[in-house]
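Note sheet for the following structure.
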Amino acid sequence: MSTTTTSYGTWCNQVNTYSTSPDADVDDYIGGGPDDWRTLLEESGALERIKSEYRAAINAALPGDVALCGDEFIGPWEPEEGEFDGYPQDEDGTLDFAAMVEDIDLAEIVERNEPLTLEDIGRDELKSTAVNPAKTASGVLAKLKPELRPKPIAYLPHPQSRRPQAIYLAGEVRAALAARPGRGVRTDLKGSE
């Protein structure tokens, strides 16, 4: 196996001619969202998680000896015979990076790493109509088994009270709520069949 590496091109000339890097793609994707949501993404650290997961998904789609470093694809200068078999190639027989990464769902990565406050969890995830949906969410999360309970990724000042509020990742919250005992089981129907 060759240890000498070379550039296979940049994100711009191999994947997206209108972007400088995957990080720029993420910034463009979230750019249309509300200001308070974008601020929460950045301040909670969720934005960096999204960028990191997106890059990890890109690197996972590439052959083992090829990696995206910054905005540049780097790989072996002289690949072994058949090393890239099974990976998409263009008409010239070189790796087709755009085809390798086209199935990566950035929207799903953003959705999974979206930051949620207790109020968001109560109102949007639990569909609570209570006056204080954050209190409802806090109660539900407290009743989860410790191993299922999502951990806050950050504590940020509440916009009005300035008191610290816990920020959770949407994917972890949804998984924990879906794993609650009794979810999907209609125990009230047992015996009535």
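Inside the range 3-81, counting only helices (runs of 4 or more DSSP H) that do not spill past its ends, which hold 1 or more residues that are in contact with a helix residue (DSSP H, G or I) (Cβ under 9 Å, 6 or more places away or on another chain), within 16 Å of M100 (Cβ to Cβ) and touching a residue at least 40 places away in the same chain (Cβ under 8 Å)? Step through it out loud before you land on a result.
Working: elements: 11-14, 22-30, 35-44, 46-61.
Once the helices (runs of 4 or more DSSP H) in the range 3-81 are filtered for at least 1 residues that are in contact with a helix residue (DSSP H, G or I) (Cβ under 9 Å, 6 or more places away or on another chain), within 16 Å of M100 (Cβ to Cβ) and touching a residue at least 40 places away in the same chain (Cβ under 8 Å), what remains is 11-14, 22-30, 46-61.
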- In the range 130-160, how many residues are more than 22 Å from the chain's Cα centre (by Cα) and basic (K, R)? 3
- Task: Can you tell me which residue within the range 67-124, out of those that are surrounded by 14 or more Cβ atoms within 10 Å (Cβ to Cβ) and β-branched (V, I, T), is farthest from T17 (Cα to Cα)?
- Result: I121
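Of everything in the range 84-99, what is in a loop (DSSP other than H, G, I, E, B) and in contact (Cβ under 8 Å) with a residue 60 or more places away in the chain? Give them in sequence order. Spell out how you get there, then give the answer.
Of the residues in the range 84-99, the ones in a loop (DSSP other than H, G, I, E, B) are 84-88, 90-94, 96.
Listed by number, the list holds a single entry, T94.
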- Query: Going by the conditions given, is R112 in contact with a helix residue (DSSP H, G or I) (Cβ under 8 Å, 6 or more places away or on another chain) and among the charged types (D, E, K, R)?
  - Reply: yes
- Query: Does K135 satisfy the criteria of being assigned to a helix (DSSP H, G or I) and either not assigned by TED's automatic domain parsing to the domain that holds T20 or not aliphatic (A, V, I, L, M) (or both)?
  - Reply: yes
- Task: Could you please give the count of residues in the range 126-166 that are more than 22 Å from R112 (Cβ to Cβ) and in contact with a strand residue (DSSP E or B) (Cβ under 6 Å, 6 or more places away or on another chain)?
- Result: 2
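Look at L189 and say whether it is modelled with pLDDT of 90 or more and out of contact with any Pro (no Cβ under 6 Å at 6 or more places or on another chain). Steps first, please.
On the way: modelled with pLDDT of 90 or more: no; out of contact with any Pro (no Cβ under 6 Å at 6 or more places or on another chain): yes.
No.
The values are calculated or read from the model by the stated rules, or taken from the named source; none is laboratory data. Remember, it's a predicted structure, so these values are computed and weren't measured experimentally. Please note: Cβ atoms are built from the backbone with ideal geometry, for glycine as well, and neighbour counts cover all protein chains shown.
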